[in-house]
Amino acid sequence: MKSISIKFCIALLVLSSNFLNAQDFQGKAYYQSKTTVDMDNFGGNQMSEEQKKMIAERMKSMFEKTYILTFNRTESSYKEEEKLDTPGQDGGFRMMMGNFTGGAQYKNVKSSQMLQEQEFFGKQFLVKDSLPKLDWKMESETKQIGQYTCFKATAVKKVDEMDFTNMRRRNRDNDEKKDGDKAKDSSKAEVSDNPMDDIEIPKEIIVTAWYTPQIPINQGPGEYWGLPGLILEVSSGRTTILCSKIVINPEEKEEIKVPSKGKEVTQKEYSDIMKKKIEEMQEMYGGRGRGNFRRN
């Protein structure tokens, strides 16, 4: 890591402006997304090491994916790269995740709009909202990602309560301190047989991004944007997204389509729909100890 002078930053911006000269400018960035899994969150503390390894391997396809970001000056489309499945591989997990199928995510930085077609238990939704804004703190650290010099930026991000990628085991000792004498109540002391009672999702997490002014596009993977250069790497909670390949002005241009199918809802409304459905499922299958994961 090292600091770079303001003069060098300006030189990078001048050189990179050549990318934008073409009237039909377009680029593609390929990202590898990986989310680490704490098996204790899935009852792993009651499993053998062999069982943990087997479950983790099956879940790998859910939490390790390749995405393609197609972008121009103001728009982008971020979607999972299509690949053929091995017959019979991870059937149960894939069937479960099929109820949460998401289409391409569209961002327009000029109109500050984000859209995504989302299928949830057989119903089609169009999640339409304003682009989430992060208060980026520009850092002086730099590093090289491929041939690009990248600058560091950090922000505090509010976590959606249905963001299961950030769920973690709840610290009961801290809960007892917060609850005080209420923790001594017999109803509180009762042990639930539902693992969701031990799960919490943090209210906020630190996001670290690395962007390059050599590609002066206000875009990035997923919901991330708002920096003076294409974001090539993001670390957010348990998830890391890293760019592995960039193609500027490919020979075959791809239309960046605006999603339009499904019932139009905001991100908050869609999260509420998910929460209600999951609570119904917990009540149906979880018995009296169906549990509600907490926010912390």
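The values are calculated or read from the model by the stated rules, or taken from the named source; none is laboratory data. What you see is a predicted model; the values in this text were computed from it and never measured. Here Cβ is always computed from backbone atoms with ideal geometry, including for glycine, and neighbour counts include all displayed protein chains. To get the accessible areas, we keep the full protein, side chains included, count just its heavy atoms, and leave off ligands, DNA and RNA. Shrake-Rupley method; radii C 1.70, N 1.55, O 1.52, S 1.80 Å.
A few points about this structure:
- Residue in the range 142-153 that is nearest to Ser235 (Cα to Cα), counting only those that are touching a residue at least 12 places away in the same chain (Cβ under 8 Å) and surrounded by fewer than 16 Cβ atoms within 10 Å (Cβ to Cβ): Lys143
- Here Lys276 passes the criteria (1) of a type in the set (Lys, Arg); (2) in contact with a strand residue (DSSP E or B) (Cβ under 8 Å, 6 or more places away or on another chain); (3) over 13 Å from Tyr78 (Cα atoms) except the one numbered (2).
- Looking across the range 201-223, the residues that are among the β-branched types (Val, Ile, Thr) and either at pLDDT 95 or above or over 14 Å from Ala153 (Cβ atoms) (or both) come down to Ile201, Ile205, Val207, Thr208, Thr212, Ile215, Ile217.
- The range 233-252 - residue that is more than 14 Å from the chain's Cα centre (by Cα) and in a strand (DSSP E or B) and, of those, surrounded by the most Cβ atoms within 10 Å (Cβ to Cβ): Cys243
- Within the range 198-213, tally of residues that are crowded, with 19+ Cβ neighbours inside 10 Å and part of a loop (DSSP other than H, G, I, E, B): 1
- The residue that is most open to solvent (accessible area, probe 1.4 Å), counting only those in the range 256-296 that are modelled with pLDDT under 90 and at positive phi, is Gly287.
Conditions (1) surrounded by 15 or more Cβ atoms within 10 Å (Cβ to Cβ); (2) touching a Ser or Thr at 6+ places or on another chain (Cβ under 9 Å); (3) modelled with pLDDT of 95 or more, marked per residue:
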site	(1), (2), (3)
Thr165	yes, yes, no
Asn171	no, no, no
Ser187	no, no, no
Val191	no, no, no
Trp225	yes, yes, yes
Ile231	yes, yes, yes
Glu254	no, yes, no
